[in-house]
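Here's the structure we're looking at; comments come further down.
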Amino acid sequence: MDKELIIRSGSENVDFALLKDGKLIELQKDEDSNDFSVGDVFIAKIRKAVPGLNAAFVNVGYEKDAFLHYHDLGPKLPSLLKFTKRVSTGKLKDFSLKNFPFEKDIDKDGKIADVLKSNQSLLVQIVKEPISTKGPRISSELSIAGRYIVLVPFSNRISISQKIEDKEEKDRLKRLVKSITPSGFGVIVRTVAQGKKVAELDKDLQNLLSRWTTMCKKLHRAHHPSKVLGEMNKASSILRDIFNDTFTSISVDDETLFYQIKDYVQEIAPNKESIVKLYQSKVPIFEKFGIERQIKTSFGKTVSMAKGAYLVIEHTEALHVIDVNSGNRSNKANNQEDTALEVNIIAATEMARQLRLRDMGGIIVVDFIDMTNAENRQKLFNHLRDEMKDDRAKHKILPPSKFGLIQITRQRVRPEMNIKTREENPSNINGTEVEAPIGLLQKINHDLEQLLQKDYKKLTLNTHPFIAAYLTKGFPSVRSKWFFEHKKWVKILPRDAYTYLEYHFFDKDGNQIK
């Protein structure tokens, strides 16, 4: 399995595309205008507590107040409040927490009005970016993420990632981390720490403690609200969270960013420094790696899959609905049940990719093709769980219901990635839009391959004049490429009466095939 990270730098944002065996699985943007990223820490003021919601609204400088629920306060809230007040007023200049006396924990099921008051200063961290009409979701249980560990101030707990299954390795890591963690801090050991030596873990810990100290120094006379600790730049944070030995290439089209990433990779994985490359061709980087085409064909309402099957993705206010269709695929299976299982397995793989690619969150309901065999339903469920193992977002999958529906909840911490795939209709002056032609060409290619497998002697394609011109003009034209690949010539006839997306194949006798 090869993983490639392609980074495109623009004047206002940086785009990150993660490819797995050449297929786009994640697409993220780093926008200069985004001042409220997950992980940012703010010194803020409580606007008001709302007992009915058992939550408070907090002014973090966004147009809408941030939402802070009682359960997101963390048990050590009194200690945090006392520490923040003493550091802000300059009375405390030792930020190590070694000699800082902790206060009594708050009640797990207490009331917000008993612990917070209006106009009170509080350190908060963004856990969910502003989405739609809602402000950010925040927490006062702070954590600072590193490559191998996560530092948790005002805690004494050492936790190990649940993805590390080897008990001996868990015990080893717990023992090592406990020996280097200073008093007053807790640590969460990340999955990538597996097999690492104490020196590497300690280096990461010291870096995080340095960031904590830098943040505390900013608190004295800090303006309210203001950001006191920003997440590292998007490139570094992505590499910190997903980089591993399976990465074969990191391509960047900006020289400054190239040196930043090269330095960071050299720090976290010196043996992999050579995979970072500066892209200097005149062809745009996303065009060169086929990402632009994949974006166009992956973000529409309809998503094509192998063997003619396709997904229909609908977004409602409350949830996302995905419908699985077998399409016009040729049925080579022995019976309907085998066909349903085959299409469902293909759909589960594509659906897991779509959730990561679009960063869809909340409730997702998938209508798979009905299967009567309980064993097949279990196979589908297991396959979907395996496909979603690499998904970094927290998620839960329920087994198929009697109606063939699978329900998924997936954590959403930033706005969903939404790419416009519709373009102005060139044959209509009323301002209507149609799907971009690149998706149509993919469908035509797929249908043509299926027809050529059935050994038709002579094929004619009737299509809209714009599409016909695209297929036949230039050298080598798309039609010429078909001929070189399949050794069969396809006659293309423009039809003025056809709509932009309409096309039909005819055999040698003029009978319509598709």
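Rounded, prolate or oblate for the stretch 158-208? Axes are the square roots of the Cα gyration tensor eigenvalues, ordered a ≥ b ≥ c, and the cut-off for rounded is a/c under 1.5. Prolate.
With the cut-off at 18 Å, tell me which of the pairs Lys301/Lys389; Lys76/Lys227; Lys163/Lys396 have Cα atoms farther apart than that. Violating the 18 Å Cα-Cα cut-off are Lys301/Lys389; Lys76/Lys227. Among the protein heavy atoms of the stretch 96-157, carbon and sulfur supply 44% of the accessible surface, probe 1.4 Å, non-protein parts ignored. Summing charges over neighbours of Val276, with a neighbour being any other residue whose Cβ is under 13 Å away from its Cβ, gives -4 when K and R count +1 and D and E count -1. Based on the Cβ-Cβ distance of Asn156 and Leu53, what FRET efficiency does E = 1/(1 + (r/R0)^6) give at R0 = 30 Å, to the nearest 0.05? For Asn156 and Leu53, the calculated efficiency is 0.45. Compute the separation of the alpha-carbon centres of the stretch 174-201 and the stretch 85-159 and state it in Å as a whole number. Cα centres, the stretch 174-201 to the stretch 85-159: 21 Å. Among the GluC sites (Glu not before Pro) in the stretch 109-204, those located in a DSSP loop and surrounded by at most 11 other Cβ atoms within 10 Å of their own Cβ are Glu165.
A simple spin-label model places the labels of Gln260 and Lys508 6.2 nm from each other, with each point 7 Å out along Cα-to-Cβ. What the chain shows is 53 Å² of accessible area per residue, with the surface traced by a 1.4 Å probe over protein heavy atoms. A convex hull fitted to the Cα coordinates of the stretch 113-217 yields 149 cubic angstrom per residue. Remark: the stretch 251-399 is approximated by an ellipsoid whose semi-axes, taken from the C-alpha gyration tensor as √(5λ), come to 37, 19, 16 Å, largest first.
In the chain, the ratio of gyration radius to Kirkwood radius, Rg to Rh, stands at 1.03 when only Cα atoms are counted.
Restricting the trypsin sites (Lys or Arg not before Pro) of the stretch 190-229 to loop positions (DSSP other than H, G, I, E, B) with no more than 11 neighbouring Cβ atoms within 10 Å leaves Lys197, Arg221. For Lys457, the aspartates and glutamates whose Cα comes closer than 19 Å to its Cα, not counting residues fewer than 8 places off in the same chain, are Asp447, Glu449, Glu485, Asp507, Asp509. The Cα atoms of the stretch 137-278 give a gyration tensor whose axes a ≥ b ≥ c have a/c of 1.5 or more with a/b no greater than b/c, which makes the shape oblate.
Summary value for the chain: 12 percent relative contact order, contacts being C-alpha pairs under 8 angstrom separated by 6+ residues.
Bridges between two residues of the chain, per DSSP, are antiparallel at a rate of about 75%.
Here each label is just a point 7 Å from Cα along the line to Cβ, and for Lys218 and Thr472 those points are 6.3 nm apart. For the stretch 271-328, the set of GluC sites (Glu not before Pro) satisfying both a DSSP loop assignment and a count of at most 15 other C-beta atoms within 10 Å is given as Glu317. Relative to its Kirkwood radius, the Cα radius of gyration of the stretch 36-151 gives an Rg/Rh of 0.96.
Taking 7 Å along the Cα-to-C-beta vector as the label spot, tell me the Asp2-Thr248 distance in nanometres, rounded to one decimal. Placing both labels 7 Å along Cα→Cβ, they lie 0.3 nm apart.
Put simply, when 458-466, 95-103 are sorted by average Cβ atoms within 10 angstrom per residue, most first, you get 458-466, 95-103. For the pair the stretch 33-64 and the stretch 241-296, the centres of their Cα atoms are 35 angstrom apart.
The values are calculated or read from the model by the stated rules, or taken from the named source; none is laboratory data. Here the structure is a predicted model, which is why all the values come from computation and not from measurement. FYI the Cβ positions are ideal-geometry reconstructions off the backbone, even for glycines, and counts take in every protein chain you see. The protein model used for the area step is the full one, side chains on, heavy atoms only, and it has no ligands, DNA or RNA in it. Shrake-Rupley method; radii C 1.70, N 1.55, O 1.52, S 1.80 Å.
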